[in-house]
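The values are calculated or read from the model by the stated rules, or taken from the named source; none is laboratory data. Owing to the predicted nature of the structure, the values given are computational and were not obtained by experimental measurement. Positions of Cβ are generated from backbone atoms using ideal geometry, with glycine treated the same way; all protein chains shown enter the neighbour counts.
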Amino acid sequence: MWAVIKYKKDEYHILSKTIKEKLGEVTKFYNPKLIYYKIFKNKKRRIESNLLGNYVFCYFEGFKDKKTISKINNTKGLEYVLEGYNCYQTQITKFINLCKQNEDQNGGIKQSFFSDSEFKKIKFLSGPFSNLIFDVIERKKDKIKLSLGGIKTTINLDSENLFSPVF
């Protein structure tokens, strides 16, 4: 059974190691990542960011029993376990499968994950428009028409410029 866990910033590795020690090696974690490149001082740097921020999925068959959650409640790095995870197992599993279907060979989420979503604004993570937020004017199968102030442009969804929706 999957549980959704919020962890303290920069303590994910401590948390996952400690939970595996407490519950056993059959415990699995899934933390979808965005991997993209930015140019800093004329050098290309690889950037990894967690798609879900400080949340991670943790699978352990024993999570069906609430007592198991109480075993890990005081684990170092753990902020809390989201309530109601047991009622949303099908949705959690569908989301994890969607993420895994949209992973590239490096384990990062591909742009196709966001391309299929409906959204009104996007923020570029890489490329010449990085950190700019555009309004989506029109969506086509392989292109998006965008606007930023008086500037209008169209991008191909298969381009190397990564973006994420802004909600």
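Would you confirm whether or not the range 60-79 contains a residue that is under 30 Å from ILE137 (Cα atoms) and surrounded by fewer than 16 Cβ atoms within 10 Å (Cβ to Cβ)?
Filtering the range 60-79 down to residues under 30 Å from ILE137 (Cα atoms) leaves none.
No; the residues of the range 60-79 include none that is under 30 Å from ILE137 (Cα atoms) and surrounded by fewer than 16 Cβ atoms within 10 Å (Cβ to Cβ).
Here are some conditions: (1) surrounded by 11 or more Cβ atoms within 10 Å (Cβ to Cβ); (2) in a helix (DSSP H, G or I). LYS145 meets all but one. Which one does it not meet?
So the condition that LYS145 fails would be (2).
Limited to the range 88-136, what total is found for residues that are among the charged types (D, E, K, R), in contact with a Lys or Arg (Cβ under 8 Å, 6 or more places away or on another chain) and either more than 27 Å from ILE151 (Cβ to Cβ) or crowded, with 16+ Cβ neighbours inside 10 Å (or both)?
The qualifying residues number 2.
(1) touching a Leu at 6+ places or on another chain (Cβ under 7 Å); (2) modelled with pLDDT of 85 or more: which one isn't true of LYS20, the others all being true?
(1) is the only condition that LYS20 fails.
Determine which member of the set GLU79, GLU138, GLU83, GLU118 is outside any strand (DSSP E or B) and at pLDDT 80 or above. Full working, then the answer.
On the way: GLU79 fails: outside any strand (DSSP E or B); GLU138 fails: outside any strand (DSSP E or B); GLU118 fails: at pLDDT 80 or above.
Among GLU79, GLU138, GLU83, GLU118, only GLU83 is outside any strand (DSSP E or B) and at pLDDT 80 or above.
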